[in-house]
1. Using Cβ counts within 10 Å as a stand-in for footprinting exposure, how do ASP38, ASP128, ASP89 rank, fewest first?
2. Kindly identify the range 11-114 as rounded, prolate or oblate by the Cα gyration tensor criterion: order the square roots of the eigenvalues as a ≥ b ≥ c, call it rounded if a/c is under 1.5, otherwise compare a/b with b/c, prolate if a/b is larger, else oblate.
3. Taking amide H atoms as placed 1.01 Å from N in the peptide plane, list the residues 5 or more away in sequence, or in a different chain, whose amide H sits under 5 Å from that of ARG79.
4. Which ³J(HN,Hα) values in Hz, rounded to whole numbers, follow from the phi angles of the range 4-21 under the Karplus curve 6.51 cos²θ - 1.76 cosθ + 1.60, where θ = phi - 60° and Gly and Pro get x?
5. Which residues' amide hydrogens lie under 5 Å from the amide hydrogen of GLY72, considering only partners 5 or more residues apart or on another chain, with H built in the peptide plane?
6. Give me the one-decimal nm value for the distance between modelled label points at HIS130 and ALA69, 7 Å along each residue's Cα-to-Cβ direction.
7. Please work out how much length the chain gains when fully extended from ARG122 to ILE5, using 0.36 nm per residue of separation minus the C-alpha to C-alpha distance, in nm with one decimal.
8. How high is the relative contact order of the range 11-114? Use alpha-carbon pairs under 8 Å, at least six apart in sequence, and give a whole percent.
Amino acid sequence: PPPEIADGDGAPALLGTAVPVQDSLAGAVFTHGEPMSDPDMQSAPYPDSPLRRLGYGPGLMVPLGAVPAVHGVLALAKRSGRLPFSAADRQMLHAFAGQAAIALELAETRRAAERLGLLEDRDRIAKDLHDVVIQLTLTVSGDGAVPGGARLRWHVPLPADPTAYGDRES
């Protein structure tokens with residue numbers, strides 16, 4: 001998951017806070033992929049809003065990405081009594097969030113490419129090992145003779161108690 005970042009008054013209380021997708025402004029932004037604002041979070045219809053609990057007033061939230069690939073929500077809030085966010089604020093934050101979403105996509109693409117490279121290496125190694133095992137198997141004849149006149153001896157230790165293998169006649 002991407003890292004959580006919070007800055008400003010009350011920021012430490014926001015880190016790690018679970019925000020429900022249903023019944024929250026952030027959830028609506030996440031679901032619909034459109035910026036939303038509220039002139040006063042204290043009177044917003046979301047009683048469990050972390051911004052409301054911390055006493056924030058105007059709130060502005062924009063999606064990080066577009067539906068169906070929204071990575072998260074970028075939220076800005078002002079203390080109660082401050083002026084609401086302007087259309088220019090909304091536009092600027094939306095543009096910033098778009099750039100942040102591109103950076104998140106690029107990072108995910110790089111991680112996927114690295115994982116693919118590892119899987120390709122593992123596949124190549126497995127094929128090489130398979131080829132070596134096949135060559136060794138074909139080199140050893142059925143009677144244990146190998147090139148050069150050497151012979152292989154197979155030693156299977158038997159247990160002191162012959163019943164250790166269980167009943168084989170059933």
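1. ASP128, ASP89, ASP38
2. Judged from the Cα gyration tensor, the range 11-114 comes out prolate (a/c at least 1.5, a/b above b/c).
3. For ARG79, the qualifying residues are GLY57.
4. 8, 10, 9, 9, x, 4, x, 4, x, 6, 7, 4, x, 6, 7, 10, x, 6
5. Answer set, sorted by chain and number: LEU64.
6. 3.3
7. Roughly 38.5 nm would be gained on extension.
8. Result for the range 11-114 is 23 percent.
Values in this text are rule-based calculations from the coordinates and carry no lab data. Fair warning: this is a prediction, and the values are worked out from it, not measured in the lab. All Cβ positions, even for glycine, are placed from backbone atoms using ideal geometry, and neighbour counts span all protein chains on display.
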